[in-house]
Amino acid sequence: MQASSTQSAATWGLDRTDQRGALSTDASYIGFYNYNLTGAGVTAYIIDTGIAFGHTDFDGRAVPGYDAVKASDGAADCNGPRHPRCRHGGRNDLRHRQGCPPGRRPGAGLQRQREHLRGHRRDRLGDGRPQVTAALTVAASDRSDAPAYFSNYGRCVDLFAPGVEITSDWYTGAINTISGTSMATPYVTGVAALYLQSNNTASPATVSSAVKALTTKDAVKTTRTANNDLLFSNY
C-alpha cells in the first residue's frame, strides 16, 4: 500500500506502528509516520475520568459524552491521571491525547461505554476472557520491543503496543510523557479507527480480527504471554 502522507518528527510509538522492523537505535533518530487514512468519520468512545476539551491540539474534535458522576462538568478533566482520551484526537498524534477530581470512578460509566478496545494493567493468566468477547486486551512494549516491566501478561493478552515513555497532551494544556498500558491501548484504538474509516459497517468482532491479523508476529520476546504480536498499521 502506497503511503499518501508522512508525519515527520513523529513520536517513537507512532513510528513503530507503521514498520515491521525494529526502530533505529542511532542517537540522531527522527521518527516518521506514514499513513493513508486519518480515521475521518469514526467516533472513539472513551471511558475515563474526563478530558481537557480546550487543549489546542484537539482542534474541536473532542466533544462531551456521558458523565456518570457530575453532569454539570460535561466530562471535563481536572485531574489528568491518564493519556488515553487525549491521544485519540490530537492533531499531532493522529490516534491519541489527556485530563476529574480524585474519587471519580470511570467504572460508573460502563453502561455507556462503546469502545471495545482496552488495556488491563495486571496478570491476566488466571482470568477468563473479557465479558465482551470482541474486546482486545493490550499489553505494553518499549522502543526495543521488550515487554514493559509493569505490563499485563498471560493467555488473555491479544497484542502489544508501544506504552513506555509515550508523549501526549496533558490536562493542563501542556505536553507530558508517561508510561502504562493506558498509553498502549490508544494506539490500538487508533488502528481500529483507521480500519473503520474504510469499513464503517464492520462489527466489533470483525474489527478485532482485522487488527490482530495485521500485527507483526512474535515481535515481543517474552514467555509470559501467549500472543507476542506487535501492533502494525498500513492503513
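The values are calculated or read from the model by the stated rules, or taken from the named source; none is laboratory data. No experiment lies behind these values; they were computed from the predicted model shown. Reconstructed Cβ throughout: ideal geometry from the backbone, glycine too, with neighbour counts over all protein chains shown.
When residues in segment 172-192 are screened for being farther than 19 Å from Ala139 by Cα and in contact with a His (Cβ under 8 Å, 6 or more places away or on another chain), 2 of them pass. Output yes when any residue across segment 214-224 is modelled with pLDDT of 95 or more and not in a loop (DSSP other than H, G, I, E, B), and no when none is. Among the residues of segment 214-224, at least one is modelled with pLDDT of 95 or more and not in a loop (DSSP other than H, G, I, E, B), which makes the answer yes.
Rundown of residues vs (1) on the phi < 0 side of the Ramachandran plot; (2) modelled with pLDDT under 75; (3) in a loop (DSSP other than H, G, I, E, B); (4) touching a Gly at 6+ places or on another chain (Cβ under 8 Å), yes/no style:
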{"site": "Tyr33", "(1), (2), (3), (4)": "yes, no, no, no"}
{"site": "Thr38", "(1), (2), (3), (4)": "yes, no, yes, no"}
{"site": "Val42", "(1), (2), (3), (4)": "yes, no, yes, no"}
{"site": "Gly54", "(1), (2), (3), (4)": "yes, no, yes, yes"}
{"site": "Val63", "(1), (2), (3), (4)": "yes, no, yes, no"}
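Report whether or not Thr185 is closer than 17 Å to Asn152 by Cα and buried (at least 22 other Cβ atoms within 10 Å of the Cβ). Against the criterion (closer than 17 Å to Asn152 by Cα and buried (at least 22 other Cβ atoms within 10 Å of the Cβ)), Thr185 qualifies. In segment 153-180, the residue that is modelled with the highest pLDDT out of those that are more than 15 Å from the chain's Cα centre (by Cα) and polar (S, T, N, Q) is Asn176.
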